[in-house]
Amino acid sequence: MRILASKVKAYRPNVVIGIARGGLIPAVMLSHLLRAEFDFVRILFYVDVEKHLEHPLLLKPVTIPLQNKRVLLVDDIVDTGQTMRVAIEHVRHCGAMDVRTAALCCKTRALRTPDYYCEFVDEWIAFPWEY
């Protein structure tokens with residue numbers, strides 16, 4: 001997590017927003033390391049291993065004010081990029097001044113690459129917090 005935090009540090013986000021569920025733990029850790037506020041959104045897309053809905057659904061919006069804030073959206077992995085797209089649209093609609101994205105991993109087939117990431121992967125990953 002410190003590697004990802006070192007990549008993001010110069011951006012100096014005011015708010016770190018985790019994308020639930022997978023992005024919650026990385027986002028909380030980054031919010032502490034970067035000394036930023038924390039919130040989360042819940043977006044339903046994956047319903048099983050490599051099985052997802054046709055379109056992501058925003059189930060829980062952010063609850064803190066985002067006007068004039070630099071926002072870092074965090075997920076554990078960017079697979080298709082569709083969940084991240086919905087999250088970006090949501091926080092921009094909430095008035096964020098600037099939005100950047102971070103993930104521990106990004107699939108090579110993703111349509112959207114996060115601004116900050118640790119590595120590209122091709123396989124399905126089960127992170128420790130998923131068990």
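The values are calculated or read from the model by the stated rules, or taken from the named source; none is laboratory data. No experiment lies behind these values; they were computed from the predicted model shown. Ideal geometry is used to build each Cβ from the backbone, glycine not excepted, and the neighbour counts take in all protein chains shown.
Figure legend. Inter-residue proximity from the range 25-40: first residues without any contact (Cβ under 8 Å) to a residue 40 or more places away in the chain and farther than 19 Å from LYS60 by Cβ, second residues in a loop (DSSP other than H, G, I, E, B) and among the hydrophobic types (A, V, I, L, M, F, W, C), beta-carbon distance below 6 Å, spacing 6+ or different chains. Indicated pairs: MET29/MET1. Residues that are closer than 16 Å to PRO26 by Cα and in a loop (DSSP other than H, G, I, E, B) are absent from the range 49-69 altogether. When PRO56, PRO65, PRO61 are screened for being touching a helix residue (DSSP H, G or I) at 6+ places or on another chain (Cβ under 6 Å) and over 19 Å from TYR11 (Cβ atoms), only PRO56 passes. Against the list (1) outside any loop (DSSP other than H, G, I, E, B); (2) touching a helix residue (DSSP H, G or I) at 6+ places or on another chain (Cβ under 9 Å); (3) under 19 Å from MET1 (Cβ atoms), the condition VAL28 fails is (2). Filtered by the rule that a residue be at pLDDT 90 or above and touching a Ser or Thr at 6+ places or on another chain (Cβ under 9 Å), the range 41-59 gives a lone residue, ILE43. Just one residue in the set TRP129, TRP124 is touching a residue at least 60 places away in the same chain (Cβ under 8 Å), over 15 Å from the mean Cα position of the chain (by Cα) and part of a loop (DSSP other than H, G, I, E, B); that residue is TRP124.
Checking the stated criteria, HIS52 turns out not to satisfy the condition of being without any contact (Cβ under 8 Å) to a residue 12 or more places away in the chain and over 26 Å from ARG2 (Cα atoms). Does ARG100 fit the bill of being within 11 Å of the chain's Cα centre (by Cα), under 19 Å from PHE40 (Cβ atoms) and not in a strand (DSSP E or B)? Against the criterion (within 11 Å of the chain's Cα centre (by Cα), under 19 Å from PHE40 (Cβ atoms) and not in a strand (DSSP E or B)), ARG100 does not qualify. What do you reckon, is ILE17 aliphatic (A, V, I, L, M) and crowded, with 22+ Cβ neighbours inside 10 Å? Against the criterion (aliphatic (A, V, I, L, M) and crowded, with 22+ Cβ neighbours inside 10 Å), ILE17 qualifies.
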